[in-house]
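What follows is a single structure, written as structure tokens, with notes after it.
Where a number appears in this text, it was derived from the coordinates with a stated rule and is not lab data. What you see is a predicted model, and the numbers here were worked out from it, not measured in a lab. Reconstructed Cβ throughout: ideal geometry from the backbone, glycine too, with neighbour counts over all protein chains shown.
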Amino acid sequence: MKRLVVLTGAGMSAESGLKTFRDMGGLWEEYDVYEVASPGGWTRDRDLVLRFYNERRKQLLETKPNWGHMGLVELEKDFDVRIITQNIDDLHERAGSTHILHLHGELRKSSSTTDPDLVYDIDGWELNEGDLCEKGSQLRPYVVWFGEAVPAIETAAEIVSTAQILVIIGTSMNVYPAAGLINHAPENAPIYIIDPNEVSVPGYSRIRVIREKAGTGVDKLIKELTDE
Ligand code: APR
């Protein structure tokens, strides 16, 4: 089976009703990213940060995977599919994809503020001031914030370097190091971009653009790949 590596971003979950970050009406228009998603913001106002992620988590529990997520599951019949997602939602898991790497953490988990190896599932949607790890420290969202290292990036780069086909879905490719993963794709691997808007990835002549939302875009991709 050919190895198909998929890099997903917020646009993947847009048709499930979750907002993207940088589109019009996106989350970073409504919130100051440095106040809700950075170590500095956490130091300044923990309550604001916890409320921001509680709201995201609450919405996530009310939504479900869309046709795009389901299409990626279907592709597992014909391809060795490896998903690398920048999304912190669990919609790929709930759709049924089997190989998923989260680059920026997971919304439904918390981690200790003193020992990052202590990671817990969050029951329900709330994480609050006073929720402690087993060592007695405050728990924080298990999310990679701006200015923090991305521990999974090396594993992700290795996966991309084994791609026979690379598919990029619903990401503006603005945030590094995730956006740099494209540079690890083998030279002979075709690269597909599924996005309703233009995504600028300079210097790649082998890119095939499917200018569609994730649902119809993945459908077209399946047709194209399985007709070959
Ligand atoms: N289907 C597919 N793509 C879509 C859809 C849709 N229905 N709707 C919007 N998009 C596209 C937009 O055109 C844009 O290119 O999704 C992309 C969303 O880009 P961003 O909002 O920048 O999200 P993303 O690239 O995932 O952000 C990366 O930035 O804020 C941080 O940590 C956060 O993981 C996030 C990272």
Just how many % of Cα pairs in region 126-206 lie over 16 Å apart, if you round to the nearest whole percent?
63
Determine ³J(HN,Hα), in whole Hz, for all residues of region 82-93 in sequence, where each value follows from phi through the Karplus function 6.51 cos²θ - 1.76 cosθ + 1.60 and θ = phi - 60°; x replaces Gly and Pro.
10, 9, 10, 10, 8, 7, 9, 6, 10, 6, 5, 4
Per principal axis, descending, Cα span of region 102-168 in whole Å
47, 23, 20
Which FRET efficiency value, to the nearest 0.05, do you get for Thr98 and Phe146 by plugging their Cβ-Cβ distance into 1/(1 + (r/R0)^6) with R0 = 41 Å?
0.85
Rg followed by Dmax, in Å, when region 161-228 is reduced to its Cα trace:
11.7, 34
Considering all alpha-carbon pairs of the chain, what whole percent are spaced by more than 32 angstrom?
19
For the cross-link pairs Lys2/Lys77; Lys64/Lys223; Lys64/Lys109; Lys19/Lys64; Lys2/Lys109, which exceed 22 Å when the distance is taken from alpha carbon to alpha carbon?
Lys64/Lys223; Lys2/Lys109
Excluding Leu4 itself, what net charge comes from residues whose Cβ is under 10 Å from its Cβ, given Lys and Arg +1 and Asp and Glu -1?
0
Once each part is reduced to its C-alpha centroid, what is the distance from region 38-66 to region 164-228 in angstrom?
29
For the chain, size of Cβ-based charge dipole, Lys and Arg +1, Asp and Glu -1, in debye:
380
In whole Hz and in residue order, list the ³J(HN,Hα) couplings for region 132-138 that follow from phi through the Karplus curve 6.51 cos²θ - 1.76 cosθ + 1.60, θ = phi - 60°; x for Gly and Pro.
10, 7, 5, 9, x, 9, 4
Roughly how compact is region 66-112, stated as its Cα Rg over 2.2 N^0.38 Å to two decimals?
1.19
Overall dimensions of region 1-69 as given by Cα atoms, namely Rg and Dmax in Å
14.8, 50
Which residues' amide hydrogens lie under 5 Å from the amide hydrogen of Ile210, considering only partners 5 or more residues apart or on another chain, with H built in the peptide plane?
Ile193, Ile194, Asp195
Here region 29-41 yields Karplus 3J(HN,Hα) values (6.51, -1.76, 1.60; θ = phi - 60°; whole Hz; Gly and Pro given as x) of 7, 7, 10, 7, 3, 6, 7, 10, 9, 8, x, x, x
